[in-house]
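Student: What follows is a single structure, and I will ask about it in a moment.
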Amino acid sequence: MSEYAPALCLHVLRQPWVLLVLGCTFCLLLASARSLLLPVLALTLLLALGRQVLGCAWRAYIERCLGDDLSDIRSAYMDGPGARFWVAEADGRVVGTAGVRPAGEAGLLVLKRMAVRKDYRGRGIAAALGRAALGFARQQRGCRAVVLNTVMLQHEACALYERLGFRRQRRYVLPTAYGRLANCTVTVYRYELP
């Protein structure tokens, strides 16, 4: 997830309110200083500070997301019924993961922590993990569907989910002040089981 920090910075930088603030700051400093150096330095400092703040916020989001289940994989994915966790290995190390567990609503499983190391992508590992998760879901009595959430920055993941047969169910903006400011949208995908 941390690989998406630069893409998040670009996404936030493209937000109209951010462009407006940066443009107004530049113009005000240019008009008051009558020099190009001060506005350029101030914008550089603002951009660097913004990058640090976004990096901290993104790390906090990752910690919150990962802390709820990856801190204890056994209890989150292996001890309960309808839960499973897969690990893909290559060259003697873990290169991919995926987990499935009950979603809280009867008949629904949630696919979580589907990830493949960047240097191992494009080899079919994520598709194999996804198929394993869907195969597991088909074996669960009473399971009607598998759902998952993904953020707007994960374009490759969205394409993979759609190739696996997931359909977009809805989109929403993260319900936090940061989510609204950065316009961080989450897409909910759903795979209906036959």
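Student: What residue, among those in segment 48-60 that are within 26 Å of Arg113 (Cα to Cα) and small (Gly, Ala, Ser), is surrounded by the fewest Cβ atoms within 10 Å (Cβ to Cβ)?
Tutor: Only one residue tops the list, namely Ala60.
Student: Which members of segment 61-81 meet the condition of being surrounded by 16 or more Cβ atoms within 10 Å (Cβ to Cβ) and either modelled with pLDDT under 80 or touching a Ser or Thr at 6+ places or on another chain (Cβ under 7 Å) (or both)?
Tutor: Tyr61, Asp69
Student: Within segment 120-153, can you find the residues that are closer than 24 Å to Ala5 by Cβ, in contact with a Phe, Trp or Tyr (Cβ under 8 Å, 6 or more places away or on another chain) and crowded, with 18+ Cβ neighbours inside 10 Å?
Tutor: The answer is Leu129, Leu148, Thr150, Val151, Leu153.
Student: Next question, about the same structure. Among the residues of segment 82-119 satisfying the criterion of being within 23 Å of Cys143 (Cβ to Cβ) and without any contact (Cβ under 8 Å) to a residue 12 or more places away in the chain, which is most open to solvent (accessible area, probe 1.4 Å)?
Tutor: Glu105
Student: Out of the residues in segment 148-180 that are polar (S, T, N, Q) and over 14 Å from the mean Cα position of the chain (by Cα), state the one that is farthest from Ala127 (Cα to Cα).
Tutor: Once the filter is applied, the top-ranked residue is Thr176.
Student: Being under 18 Å from the mean Cα position of the chain (by Cα), exposed (fewer than 13 other Cβ atoms within 10 Å of the Cβ) and basic (Lys, Arg) is the requirement here; does Arg34 meet it?
Tutor: When the stated conditions are applied, Arg34 does not pass them.
Student: A further question on this structure: Residues of segment 149-194 being in contact (Cβ under 8 Å) with a residue 24 or more places away in the chain and among the aromatic types (Phe, Trp, Tyr), which ones?
Tutor: The answer is Tyr161, Phe166, Tyr178, Tyr189, Tyr191.
Student: Note down all Cβ pairs under 6 Å where the first residue falls in segment 25-47 and is within 21 Å of Leu13 (Cα to Cα), the second is assigned to a helix (DSSP H, G or I) and open to solvent by 80 Å² or more (accessible area, probe 1.4 Å), and they're at least six residues apart or on different chains.
Tutor: Sorted first by the residue in segment 25-47, then by its partner, the pairs are Leu29/Leu38.
Student: When only residues in segment 161-186 that are modelled with pLDDT under 95 and open to solvent by less than 20 Å² (accessible area, probe 1.4 Å) count, which is nearest to Leu108 (Cα to Cα)?
Tutor: Result: Val186.
Listed here are the residues, each with its yes/no results for (1) under 30 Å from Ile62 (Cβ atoms); (2) open to solvent by less than 40 Å² (accessible area, probe 1.4 Å).
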residue	(1), (2)
Leu10	yes, no
Gln15	yes, yes
Leu30	no, no
Leu38	no, no
Leu46	yes, no
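Student: Identify all residues within segment 113-156 that are touching a Gly at 6+ places or on another chain (Cβ under 6 Å), more than 18 Å from Arg170 (Cβ to Cβ) and of a type in the set (D, E, K, R); write none if there are none.
Tutor: Listed by number, the list holds a single entry, Arg113.
The values are calculated or read from the model by the stated rules, or taken from the named source; none is laboratory data. Predicted model, so just to flag it, every value in this text is computed and none were measured. Glycine also receives a Cβ, built like all others from the backbone with ideal geometry; neighbour counts cover every protein chain displayed. These area figures cover heavy atoms from the full protein model, side chains too; ligands, DNA and RNA do not enter into them. Shrake-Rupley method; radii C 1.70, N 1.55, O 1.52, S 1.80 Å.
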